[in-house]
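Take a look at the structure set out below.
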Amino acid sequence: MKSRNAFTLTELLVLIAAGALVGSVLLASLGDAKEKVQAAACLSNLREIGMAISMYANDNNDTYPFGYKGGAAGTDWQLLICPYMQKICKNTYSSVPTNSPVFICPSVQTPSGKTTRATYSLHIALSSAHNPAYPPPFNDPQRRSKVARPSQLVLAADGNLGAPAGAPSNAFDAYASFGQPMITPLEAYNASAPDNDSPLRASELANYDPGTSVNLGFIRWRHSGNQAANFLFCDGHGESLLQTQVKRRNLRYDP
């Protein structure tokens, strides 16, 4: 009897199918691993930002940096804390994209022809714009000592991306502060409120990058399959949380 050295067509098809299956599993695993590395790097960025904000507050009467301060040379919070990080920064609204990568989540994919300079936003009630026309606490940055729940209250988060008002047309950046058009960050915390442990409202979970100035100011859930975001809390610790894990008490400011 002659020995058989060749595969039959059926055997070849089975081997090809098995190889394709193994390949798809490996690619999925590599994709998951890459996402986890990017999410971890993003969280590291936020922790570094938190340390710089703390040093800034130490030198500035215990206050958080302005989210945005207008004028002839508008200043975003990144420029105020850069000296404490030994990073190179230019005005976020500059046409020159020289902001340090520490302000950019590595998971962000910038569209062709656009430039990303900042992907994180600060809490609108803690690091607000300098505008006397707004009611307190949204008219000036707040003092750290006013935060009664530093381990619960979010200071910074992944922000959704577009072209903030006044930015170059090629901008693909987060708004300086998150909180509007959201609702919960505009509400004062009340320990007796029955919904403190309720999840955020469905209208607050608009999870997309508009690319324009419209509908900026939302948290962007860009991790874990667009179900999680990274957060920096007022005590300096960082967490990656799913939409269902963020409670209203985490975003309500301390009056």
- Query: Among the residues of the stretch 185-196, is any over 18 Å from the mean Cα position of the chain (by Cα), exposed (fewer than 15 other Cβ atoms within 10 Å of the Cβ), modelled with pLDDT of 95 or more and among the hydroxyl-bearing types (Ser, Thr, Tyr)?
  - Reply: yes
- Item | Candidate set: the stretch 147-174, residues that are modelled with pLDDT of 95 or more and charged (D, E, K, R); chosen: the one nearest to CYS105 (Cα to Cα) | ASP158
- Item | Looking only at the stretch 13-47, and only at residues there that are surrounded by 12 or more Cβ atoms within 10 Å (Cβ to Cβ) and at pLDDT below 80, the one that is nearest to TYR120 (Cα to Cα) | ASP32
- Message: Where the second residue is small (Gly, Ala, Ser) and the first is within 16 Å of TYR253 (Cβ to Cβ) and lies in the stretch 189-200, which pairs have Cβ atoms under 9 Å and are six or more apart or on separate chains?
- Response: TYR189/ALA148
- Unmet criterion (only one of (1) among the hydroxyl-bearing types (Ser, Thr, Tyr); (2) at pLDDT 95 or above; (3) within 23 Å of ASN58 (Cα to Cα)) for SER177: (2)
- Task: Please list, ordered by first then second residue, the pairs with beta carbon atoms under 6 Å, 6 or more apart or interchain, first in the stretch 201-216 and within 24 Å of PRO168 (Cβ to Cβ), second of a type in the set (S, T, N, Q) and surrounded by 14 or more Cβ atoms within 10 Å (Cβ to Cβ).
- Result: ASP209/ASN160
- Query: Across the stretch 107-126, which residue is modelled with the lowest pLDDT among those that are over 25 Å from GLN227 (Cβ atoms) and surrounded by fewer than 20 Cβ atoms within 10 Å (Cβ to Cβ)?
  - Reply: THR115
- Look at ASN170 and say whether it is crowded, with 23+ Cβ neighbours inside 10 Å and under 20 Å from VAL214 (Cα atoms). no
- Message: If I ask for residues that are at pLDDT 70 or above, surrounded by fewer than 19 Cβ atoms within 10 Å (Cβ to Cβ) and under 15 Å from LEU161 (Cβ atoms), which ones from the stretch 92-106 would you list?
- Response: PRO106
- Query: Can you name the residue in the stretch 54-91 that is of a type in the set (Ser, Thr, Tyr) and either closer than 17 Å to ASP173 by Cα or part of a strand (DSSP E or B) (or both) and, of all such residues, is modelled with the lowest pLDDT?
  - Reply: THR75
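The values are calculated or read from the model by the stated rules, or taken from the named source; none is laboratory data. Here the structure is a predicted model, which means the values were calculated and not measured. Heads up, the Cβs are rebuilt from the backbone with ideal geometry, glycines too, and the neighbour counts pull from every protein chain shown.
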